[in-house]
Amino acid sequence: MAFGISTSCLYPQETEKSLIQLADLGVKTCEVFLNSPSETTIDFAKILNEISAERGIKIVSVHPFSSFAETYMLFSEYQRRFDDMLEFYKRAFEVTAAVGAEISVIHGSLLPSKIPENEYFERFMKLVNAGKAFGVTVAQENVNRHFSENPDFLKRMKAALGNDFKLVFDVKQAVRAGYSPIEFAKEFKKDIIHIHLSDHNAEHDCMPPALGNFDFKELFSVMNSVNYAGDYIIELYRAGFGDVSDLKKALTYLENL
């Protein structure tokens, strides 16, 4: 288990430059958010690997840039589009494995959807199996305004996928959807394999840890109760913090708790 920062915090700076900047801050663990088709190639993976090796930063998860369109590309009524896009995701999983990461993060479908839940689950299972071929775990993230914002939906998804159901838990997304992050974590603590951290208060729902009023110690206690072995990654929107040094301060705060 380690604390780290996502390259997405520095978007729209180019991915490799963001990785370098995080490493220069002293960050040792990170999530990489791929931002364009050319970044889902083995050649780009080699660039990231060179940076990782030279600067001592480990990539533990990868977020495909296509999450914004997964409703249309993966979970529409047009089956052939899913079949074609599955090949794209295989390339993304290959890159995930090539940079040494084990987790690929999926947002899933926006609300509402025209396909029934059972078809959603069947298609997600195909993504899971495609990831397995590369040694990658494909995990559903809880995301506001998506099916996955709802704990009841995730419970049904878990029932359908069984042991293949894995969750990336995002604190700010739970807050935005109107759910208690602590209660969310308690419900799915055995299924969570990766955690996105942020802070919040009554006025702001996405802040650097230590600047809001979220009880991180309580979250850690919940996850420690099931011997959570995954990582905690700070994931903020660029408008959610000032100077890049604020990220380092937040990371240090979490590591010292």
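Worth a mention:
- Distance between modelled label sites at Ala239 and Gln79, nm, 7 Å Cα→Cβ extension: 4.2 nm
- Under-17-angstrom lysine pairs by C-alpha in the range 72-188, whenever the two are 8 or more apart or on separate chains: 11
- With Rh defined as the Kirkwood radius, the inverse of the mean 1/r over Cα pairs, the Rg/Rh of the range 88-154 is 1.00.
- Segment Tyr72..Lys28, full-extension length gain: 12.3 nm, with 0.36 nm per residue of separation and the alpha-carbon distance subtracted.
- Only Cα pairs under 8 Å and 6+ residues apart enter the sum, and on that basis the relative contact order of the chain stands at 19 percent.
- For the range 159-257, the fraction of alpha-carbon pairs in successive 10 Å shells from zero, as %: 15, 49, 29, 7, 0
- GNM on the chain, alpha-carbon springs under 10 angstrom: the most fluctuating residue among Pro209, Pro112, Pro64 is Pro112.
- The calculated FRET efficiency for the pair Lys217 and Lys17, based on their C-beta separation and a Förster distance of 25 Å, comes to about 0.15.
- Across Leu22, Leu197, Leu111, mean-square fluctuation computed from a Gaussian network of the chain (C-alpha pairs under 10 Å connected) peaks at Leu111.
- Fraction of beta bridges assigned by DSSP in the chain that are antiparallel (%, nearest 5): 5 percent
- Ellipticity estimate at 222 nm from DSSP helix runs (n ≥ 4, -39,500 (n - 2.57)) divided over the chain, nearest 500: -13000 deg cm²/dmol
- Full extension of the segment from Leu111 to Ile182, taken as 0.36 nm per residue of separation minus the current Cα-Cα distance, would add 23.2 nm.
- Rg to Rh quotient for the range 23-75, alpha carbon positions, Kirkwood Rh: 1.06
- The fraction of Cα-Cα pairs per 10 angstrom bin, counted from 0 for the chain, comes to 7, 32, 38, 21, 2 percent, rounded to whole percents.
Since every read-out is calculated from the coordinates, none of them should be taken as a lab result. Since the structure is predicted, the reported quantities are computational estimates derived from the model, not experimental observations. Positions of Cβ are backbone-derived with ideal geometry, glycine not excepted, and every protein chain shown enters the neighbour counts.
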